[in-house]
Amino acid sequence: MDAMRTTTAVGYEKNLPVTDPEALVAREIEVPALGPHDLLVEIEAVSVNPVDVKLRAGSPAPAEGFAVLGFDAAGTVREVGPGVSLFAPGDEVFYAGTIDRPGTNQRLHVVDERIVGHKPGRLSFADAASLPLTAITAWETLFDRLRLTGASTGTLLVIGATGGVGSVMVELAEALLPGVTVIATASGEDRAAWVRDLGADHVVNHHGDLAAQVLDLVPGGVDWLFTSHSEGQIETYARIVRPFGDIVAIDDGPRDVFPLKARSIAWHWELMFTRPVQQTPDMIEQHRLLDAVAGLVEQGRIRATTTRTLSPISPSTLRQAHELVESGRVIGKVVIHGWE
């Protein structure tokens, strides 16, 4: 492949408020040569996650002065590297990319096949793009961090269940963990209805007295707790997780977890970029889990979590999507599809 081929990409040069017209801009960038396991994917749709917003607002652009965002994509394989064995040109795929390579907000994107799944045939590119990052995070939380199986029994509390990760986690638990009772947090009737429809057994309002509501349902405390918003909440978690229970967090920042010691509660971090960034020996597990998710979609056991679809993929539309995600009020996922 010609190493000097270029592609249109959307990214940022400076950390600016989303309302600034220069917060996201389009540039022509070089398409890198394919490594042994790389795919060249023609991108059809992307979605926006909180990590996009966080990086745009606060992470300096690299030395070359332009950072391409995007950690969800669906598209079609156009070329493959010499060692590729999982895909062929023409295959439709979905994936989340990785934080240490240019993002998916570009027409042509290079990605390692070991973190890519076959797109569910029953989903549009737009709906498929809603799933990868959140599905990987939810799957790794349930099955790698918490080590749950189809035989597990107990209670799982999903805090922030109307967000992208929480929504998919509720779906996966409903589909694959029949012995697990899911308590989801949501505020407002529309949000409560959303998580109930996804399979939550109980819904509590995290804007109220969370501990009182949870302990009313499970007096001895929940077995497992997932949180995307742990800041200032550790003492509450220490009250509502049973002795020897587990907590998984995906947000950032130092946390004083000492209040958990009296109950010997385990604290886990989950970062879905760990496998590709660290090039772990089991990196291919992300490919396998995405294919498993695609299978569940094909069986009608889980669905896309798209709630807002925008078009086309452009700086102005991506700024609109960033503004929606930054508001913290989005249920499910915001997806952008098509090019100008």
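Assorted remarks:
- Among the residues listed as Ala161, Ala184, Ala211, the single one being in contact with a strand residue (DSSP E or B) (Cβ under 7 Å, 6 or more places away or on another chain), among the small types (Gly, Ala, Ser) and not in a strand (DSSP E or B): Ala161
- Qualifying position, being on the phi < 0 side of the Ramachandran plot and touching a helix residue (DSSP H, G or I) at 6+ places or on another chain (Cβ under 6 Å), among Leu324, Leu289, Leu318: Leu289
- Residue satisfying all of: in region 155-210; touching a His at 6+ places or on another chain (Cβ under 9 Å), polar (S, T, N, Q) and under 16 Å from Gly332 (Cβ atoms); surrounded by the most Cβ atoms within 10 Å (Cβ to Cβ) among these: Thr185
- Applying a threshold of 8 Å to beta carbon distances and a minimum spacing of six or more residues, or different chains, the list of pairs starting in region 166-180 at a residue that is of a type in the set (Ser, Thr, Tyr) and ending at one that is surrounded by fewer than 24 Cβ atoms within 10 Å (Cβ to Cβ) and outside any helix (DSSP H, G or I) reads Ser167/Ile331; Ser167/Gly332.
- Among the residues of region 49-83, the one identified as in contact with a His (Cβ under 6 Å, 6 or more places away or on another chain) and either hydrophobic (A, V, I, L, M, F, W, C) or closer than 21 Å to Ser130 by Cβ (or both) is Val53.
- Taking (1) in contact with a Pro (Cβ under 9 Å, 6 or more places away or on another chain); (2) within 30 Å of Gly328 (Cβ to Cβ) in turn, Pro50 satisfies each apart from (1).
- Among all residues of region 285-296, there is at least one that is farther than 21 Å from Glu22 by Cβ and either modelled with pLDDT under 95 or basic (Lys, Arg) (or both).
- Qualifying residue in region 315-323 (condition: buried (at least 18 other Cβ atoms within 10 Å of the Cβ), of a type outside the set (Lys, Arg), free of Cβ contacts under 8 Å to residues at least 60 places away in the same chain and part of a strand (DSSP E or B)): no
- From the options Arg122, Arg114, residue that is touching a helix residue (DSSP H, G or I) at 6+ places or on another chain (Cβ under 7 Å), part of a helix (DSSP H, G or I), more than 14 Å from Val46 (Cα to Cα) and in the same structural domain as Arg329 (by TED's automatic domain parsing): Arg114
- Lone unmet requirement of (1) free of Cβ contacts under 8 Å to residues at least 60 places away in the same chain; (2) farther than 26 Å from Arg275 by Cα for Leu123: (1)
The values are calculated or read from the model by the stated rules, or taken from the named source; none is laboratory data. From a predicted model like this one, the values you see are computed outputs, not experimental measurements. Quick reminder, even Gly has a Cβ in these numbers, built from the backbone with ideal geometry, and neighbours come from all protein chains shown.
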